[in-house]
1. List, in order, the whole-Hz ³J(HN,Hα) value for each residue of region 148-153 obtained from phi through the Karplus relation with A = 6.51, B = -1.76, C = 1.60 and θ = phi - 60°; use x for Gly and Pro.
2. Which lysines have a Cα lying under 27 Å from the Cα of Lys245, excluding residues fewer than 8 positions away in the same chain?
3. Using Cα atoms only, what is the angle between the long axis of helix 303-314 and the major principal axis of the chain, expressed in degrees (0 to 90) to the nearest 10?
4. Taking 7 Å along the Cα-to-C-beta vector as the label spot, tell me the Cys395-Met69 distance in nanometres, rounded to one decimal.
5. What would the Debye equation give as log₁₀ I(q)/I(0) for region 282-359 at q = 0.12, 0.13, 0.20, 0.24 Å⁻¹, counting only Cα atoms as equal point scatterers?
6. Most fluctuating residue of Cys318, Cys106, Cys165 in a GNM of the chain with Cα springs under 10 Å: which is it?
7. Pairing the Cα long axis of helix 186-209 with the longest principal axis of the chain, what angle in degrees results, from 0 to 90 and rounded to the nearest 10?
8. How big is the gap, in Å, between the Cα center of region 58-88 and the Cα center of region 298-347?
Amino acid sequence: MTPGAGKPQGRHVPRPAHLPLQGVRIISVEQFGAGPYGTMFLAHLGAQVIKIENAATRGDPSRQTGPFMLGPDDSQYFQSWNTNKQSVVLDIKSDEGRQAFETLACEADVVLNNLRGDQPAKLGLDYASLSRLNKALVCVHISAYGRDNPRASWPGYDYLMQAECGLMHLTGELGTPPARFGAPSIVDHMTGLTSMVGLLSALLRARETGQGCDVDTNLFDVTLHQLGYTATWLLNEQHAAQRQKRSAHYSLTPVQTFPTADGWIFIMCMTQKFWEALTQALERDDLAADPQFRTAELRFQHRARLSGLLDDEFSRHCTQHWLSRLEGALPVAPVLSLDQALQSDFVRDSGMLTRIDHAARPDLRMLSNPLKFNGNRPPLRPCSALGADTEAILCPPDVIASRDLS
């Protein structure tokens, strides 16, 4: 096994024979969330991602983000966004740093940044600035609010977008203050992946035509897009979706959480077939025959009464009892705590947990990439230490050899 390939719980994970993005070179001026998450995903798929960092600021600020450190300029938080990448230290504002950066850009497929919207043009990271070096170059820009509006110079982060775009209004139980989405930076994740769709689409075209371009997305637009059908309802029917008790569906029932004797369970009867499967599993022919519950529309009209009856039923036994009865018959899941979720047998056996060989912690446990190729997940390795790849990338062996001869 190659260093850093990792193995979940001691189980061997074969390395894919050929990762699909091998041969793609991405130069990324990035920090914190959305950009690093997106490029990390492509690094897992074989792309060479060269992370440009400034030694004067100790690199990406997430290197110093605790509470769990892996050395003076590394942390578990940082590695969660940056595995499989290389690190080069450059000050792209200096003449020497700019020259080195342009040398890299000449041989790259993509230059990506996640700076404020007014910065790419100022720093010469856009297609207008770099196309003279490489006409096929794809320049990807991830910002808080975009590059072409009055907010271009504004800083912004995930949680602000959840607040302004309405997600916090829709999140949480009735009667509680607005709430953001848990601990993970879900907007950063979504924006990172959205930008990668644009990147790969533009890269395909560039390889066919030799013509690169700018690709833009931003945290605000992606967050607004996540409103989905709730936005369509409001825009067309003036129907403003509100929070639903116990995370219930807006128009179907029973689709919500129910209390068990020792916890909670989530039931999703999205179709008539699943409703019938539920009544059969519960051995409640009376519910199936009740005229108020015969159709999805009627069940929704009488949701309060149906929820009360099902509350009584599910609270008679523990969660595992109901999972044993219902799993495979209809969509159902336990409501787990974070530690329960990561320690479940299903997660362990899925290969979604891996170990990487980090210098400060040789058995560092992390989440695997969710994609598989020919049944195998891509191997992971730690991101390089700050600037560890600078000489190798900027001064390859043939250049060093020629210097020695001169």
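1. Ordered by residue, 3J(HN,Hα) equals 10, 8, x, 9, 3, 8 Hz.
2. List returned: Lys273.
3. Once rounded, one gets 90 degrees.
4. Result: 3.0 nm between the two label points.
5. Listed by q, the Debye log ratios stand at -0.54, -0.60, -1.02, -1.24.
6. In the Gaussian network model the winner is Cys318.
7. Here the helix axis deviates by roughly 50 degrees.
8. Between the Cα centres of region 58-88 and region 298-347 lies a distance of 39 Å.
The values are calculated or read from the model by the stated rules, or taken from the named source; none is laboratory data. Computed from a predicted structure; not experimentally measured. Quick reminder, even Gly has a Cβ in these numbers, built from the backbone with ideal geometry, and neighbours come from all protein chains shown. What goes into the accessible areas is simple: the full protein's heavy atoms, side chains included, and nothing from ligands, DNA or RNA. Shrake-Rupley method; radii C 1.70, N 1.55, O 1.52, S 1.80 Å.
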